[in-house]
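Let me begin by presenting the structure, written as structure tokens, before commenting on it.
Here, each number is a calculation from the coordinates, and none is a lab measurement. Being a predicted model, the structure only gives us computed values, none of them experimental. With ideal geometry, Cβ positions are generated from the backbone for all residues, glycine too; neighbour counts draw on all protein chains shown.
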Amino acid sequence: MTVKEDIRQKLGLVHVYTGNGKGKTTAALGLALRAMGNDLNVAMVQFMKCPQYYGEYEISKSLPNFTLLPMGRDCLVHADKPLPEDKEAAEAALRKSEELIHSGKYDMVIMDEVNVSIKFDLVNVDDVINVVKNRPPRVEVVLTGRYAPPQLVEIADLVTEMKCIKHPFTKGIPARDGIER
């Protein structure tokens, strides 16, 4: 057995990155970078992001073992009244995540902002749990976003909560390209 095969034999855990602090997607991307450095294949499905606003989309084009699929709409989703199109986009992202998890091509699948999609009632928590629980045994799954529901926390092997202590936004500094997006 090669070192890379040995690495794959130890995969299969569920990670949740949540909380109101900055760094959930960034942590998932750091984990992806480490995995790719060990010759693992990674896919990231972005539930609430579109390609034109996020730097990771541009760099993903040059990473051979990284697939990034931004499946969100190019507008903000309003928590109190999401549009039917928002729900359709999130449901398509969940179906795509499930497809990638079962494809046999990826060692890690990141479901970015899936927790927010659940909170906004764009996808059903039980459907997400079914995707996670029915994954093949050697696929690592990462779920990001604020508002991780207790049901996902319960089934996860690792849960990290990012806590905001201080943020430039409170000083009126908006999200900056290359740093926050």
Checklist outcome for this item: Taking placed amide H atoms and a strict 5 Å upper bound, the residues 5 or more places from MET44 or on another chain that come that close are THR67, LEU68, LEU69, ILE110
Checklist entry - Just the C-alpha atoms of the chain: what Rg/Rh do they give, with Rh taken as the Kirkwood radius? => result 0.95
Next on the checklist: I need HIS167, HIS102, HIS15 ordered by Cβ neighbour count within 10 Å, fewest first.
Outcome noted: HIS167, HIS102, HIS15
Checklist entry - Net charge near ASN115, counting Lys/Arg +1 and Asp/Glu -1 over other residues with Cβ under 13 Å of its Cβ? => result -1
Checklist outcome for this item: Each label sits 7 Å from Cα toward the beta-carbon; between TYR147 and LYS61 the label points are separated, in nm, by 3.3
Checklist outcome for this item: Comparing LYS61, LYS24, LYS87 in a Gaussian network model of the chain (Cα, 10 Å), the one with the largest mean-square fluctuation is LYS61
Item to check | Kirkwood hydrodynamic radius of region 12-84, from inverse mean 1/r over distinct Cα pairs, in Å | outcome: 13.8
Item to check | Relative exposure of THR160, THR170, judged by other C-beta atoms within 10 Å (fewest first) | outcome: THR170, THR160
Item to check | Highest-MSF residue in the chain out of GLY23, GLY12, GLY37 [GNM, Cα springs under 10 Å] | outcome: GLY37
Checklist entry - With charges set only on the Cβ (+1 for Lys and Arg, -1 for Asp and Glu), what does the dipole of the chain come to about its Cα centre, in debye to the nearest 20? => result 500
Next on the checklist: Based only on other Cβ atoms within 10 Å, what is the fewest-to-most ordering of THR26, THR18, THR144?
Outcome noted: THR26, THR18, THR144
Checklist entry - Which FRET efficiency, nearest 0.05, do CYS50 and LYS163 yield, Cβ-Cβ r, R0 30 Å? => result 0.60
Next on the checklist: Greater than 24 Å separation of Cα atoms is the criterion. Which listed pairs, LYS22/LYS119; LYS96/LYS119; LYS49/LYS87; LYS22/LYS171; LYS87/LYS166, meet it?
Outcome noted: LYS87/LYS166
Checklist entry - Between LYS10 and GLU154, what length comes free when the chain is fully extended (0.36 nm per residue of separation minus the Cα-Cα distance, one decimal in nm)? => result 49.8 nm
